[in-house]
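Presented below is the structure to which this report refers.
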Amino acid sequence: MSPAVSPSSPPGLSHITILGGGCAGWMAAAMLAPLVAAGTRVTLIDLPADRDLPSAAALSPGAKAWHALLGLDEHALLAAARGGYRLGTHFTDWPAPGAEWLLPFGDYGSPVDGVPFADLWFRARAHGWPRPLDDYNLAALAVRTGRFVRPTPDRIAMLDYGYHVDRIGYADHLRQHAMRIGVEVLSGAVAHAERRDDGTIVALNFQAGDRVEADFFVDASDGGELIGGFGGGDFDDWSRDFGNDRIASVTGAADSLLPPVTSVYGARAGWIQRIALQSHTGWTACFDAKDEAVALDELAAIAGGAADISVAPLFPGRRAGPWRGNCVAIGRAAGMIEPYFADPVDLARIGLSALRDLLPRGSDMAVLADAYNEAMAGGWEALRDLSALLTPLPASQSEAVSRAISRFSEAGRLPSTGPASQATWLALLMGRSILPKSWSPLADTIATDRLEQNLIRLASLFAQSAESMPSHADYVARFCAAEPQSV
């Protein structure tokens with residue numbers, strides 16, 4: 001079977017080498033694998049990776065298009081990754097005690113005569129309309145009763161979704177896919193990178209004596225072993241934006257209900273995340289090092305045990321120049337933020353998607369590197385700003401976020417550019433109890449009785465659509481059940 005992606009081989013690039021295994025490394029290998037058919041060697045040096053990350057990952061809806069681009073069968077992927085579908089994130093006591101809200105995927109309602117649904121709902125709410133906004137989001141309704149069905153153009157088309165996956169199973173499925181297409185794999189410790197005077201990499205020398213030359217290198221190592229050797233690449237430290245510098249994780253018993261939603265709980269020290277997989281439940285906590293004892297006690301209590309809790313440092317921030325010379329940093333080599341908004345797998349996908357559009361065709365890569373670094377700077381900073389909206393720290397608000405909050409609270413206007421949809425901005429701002437004082441005057445052009453009839457009709461339609469779905473657990477058991485694990 002021919003691969004779904006067939007980018008042409010860049011003339012002059014005979015060999016691309018990826019340093020690092022784990023999710024980021026094998027994602028890079030799977031994306032670059034089709035180049036093999038066009039004559040470019042692709043080699044992955046398989047290093048231990050993701051060892052200090054939680055076992056479970058929550059992927060955003062952008063992963064759907066990525067999997068399709070790679071030619072992956074979604075059901076087979078989820079079976080291999082022992083995962084399921086994800087319809088959003090439910091927050092309890094976060095970012096403040098007493099808060100409870102849902103950040104669902106997908107759009108709310110539908111426009112009337114070109115007037116956005118949010119403005120219609122703002123107007124109706126100001127005049128006493130009782131139904132909450134989530135009654136007009138299909139993912140939110142499905143979460144309430146633990147339901148799911150994969151949408152089709154003629155059925156439940158407004159449902160959007162991401163995934164819950166086991167990190168090891170996900171990486172292994174990508175490994176098998178990449179190797180089938182022709183990616184070569186080497187193992188062994190790299191002693192050092194052989195460089196030219198300008199810092200560009202000529203070859204990687206192994207401790208055992210082997211040497212691998214390449215034209216282009218992808219650094220998917222946990223610590224940025226290759227990209228760090230260029231020097232001068234500043235790291236933008238975002239610790240003050242989030243307030244946590246430790247991440248802990250532990251696995252718990254599987255939940256037979258398999259809820260299709262990521263759960264985040266505010267704790268006495270930081271926050272705790274829950275992800276339900278077919279094989280187990282993944283628990284993660286982020287907290288300040290000074291509160292470690294309290295945080296680990298809370299994590300053990302909620303997860304049902306403390307025997308296997310792992311703790312690792314957390315360094316939120318990004319590498320200022322992830323592409324330097326003939327090397328690009330992907331995944332954790334490029335940076336990290338707290339994973340309740342963007343998992344490291346999502347961050348790796350964003351970087352690789354940009355790289356795919358800018359793959360070099362020869363040794364002169366400076367223009368492409370500049371374009372990549374500019375795109376990554378904007379994308380990472382936008383994700384930082386969105387993530388900061390989910391923290392209780394008041395001092396971490398950027399000018400862009402302050403402007404977005406002001407425009408929304410005064411006039412109901414939502415940002416129309418950046419990595420987040422207007423629906424996501426709407427859910428985030430409403431979840432933070434930021435409510436608009438006004439709305440678009442176009443909403444006032446819709447007659448009141450017509451507006452109310454439309455709201456009643458839409459609520460009924462969404463409710464019926466949600467009720468028609470099977471349970472998420474039943475859907476997964478039927479279409480993407482994992483093989484029983486050996487004991």
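Once you put a point 7 Å from the Cα of S14 and another 7 Å from the Cα of A157, both along the Cβ direction, what distance in nm separates them?
Once both label points are built, they end up 5.1 nm from each other.
Report the calculated FRET efficiency for V367 and S187 (r = Cβ-Cβ distance, R0 = 35 Å), to the nearest 0.05.
About 0.50, to the nearest 0.05.
Tell me, L102, L59 in order of fewest to most beta-carbon neighbours within 10 Å?
Listing L102, L59 from fewest to most nearby Cβ atoms yields L102, L59.
Taking just the C-alpha trace of the range 60-121, give me its Rg and Dmax in Å.
Over the range 60-121's Cα set, Rg and Dmax evaluate to 16.9, 45 Å.
Take every DSSP beta bridge whose two residues both sit in the chain, then give the antiparallel share in percent to the nearest 5.
If I count the DSSP bridges inside the chain, around 70 percent turn out antiparallel.
Give the whole-number value, in cubic angstrom per residue, of the convex hull volume spanned by the C-alpha atoms of the range 206-321.
Given the Cα convex hull of the range 206-321, per-residue volume reads 192 Å³.
Between A208 and H127, what length in nm is gained on full extension when 0.36 nm per residue of separation is reduced by their alpha carbon distance?
Fully extending the segment from A208 to H127 adds 21.7 nm.
For the range 1-143, what is Rg from Cα atoms divided by 2.2 N^0.38 Å, rounded to two decimals?
1.51
Using all C-alpha to C-alpha distances in the chain, build P(r) with 20 Å bins and read off the rounded percent in each one.
P(r) over the chain, rounded to whole percents: 23, 54, 22, 1.
Between S310 and S406, what is 0.36 nm times their sequence separation minus the Cα-Cα distance? Round to one decimal in nm.
Working it through step by step, the gained length comes to 30.5 nm.
Dipole magnitude of the range 33-83 about its Cα centre, charges +1 at Lys/Arg Cβ and -1 at Asp/Glu Cβ only, in debye to the nearest 20?
Dipole magnitude for the range 33-83 comes out near 60 debye.
Name the longest site-free stretch of the chain, where the excluded sites are trypsin sites (Lys or Arg not before Pro) in a DSSP loop with no more than 12 other beta-carbon atoms within 10 Å.
In short, 269-436.
Which length gain, in nm to one decimal place, applies between D198 and L358 when the Cα-Cα distance is subtracted from 0.36 nm times their residue separation?
Stretched fully, the D198-L358 segment lengthens by 55.4 nm.
Compare the peptides 365-371, 257-263 by average per-residue count of other Cβ atoms within 10 angstrom and give them in order, highest first.
257-263, 365-371
So what's the range 117-229 giving for Cα Rg divided by 2.2 N^0.38 Å, two decimals?
1.92
Mind giving me the FRET efficiency for Q464 and A253? R0 is 51 Å, r the Cβ-Cβ distance, nearest 0.05 is fine.
0.90
Tell me what the chain gives for mean residue ellipticity at 222 nm when only DSSP H runs of n ≥ 4 count, each as -39,500 (n - 2.57), the sum divided by the residue total, rounded to 500 deg cm²/dmol.
That comes out to -10500 deg cm²/dmol.
Report Rg/Rh for the range 104-174, rounded to two decimals, where Rg is the Cα radius of gyration and Rh the Kirkwood radius.
Looking at the range 104-174, the ratio lands at 1.13.
Here, each number is a calculation from the coordinates, and none is a lab measurement. On a predicted model such as this, the values are computed, not experimentally measured, just so you know. Every residue, glycine as well, gets a Cβ built from its backbone with ideal geometry; the counts of neighbours run over all protein chains shown.
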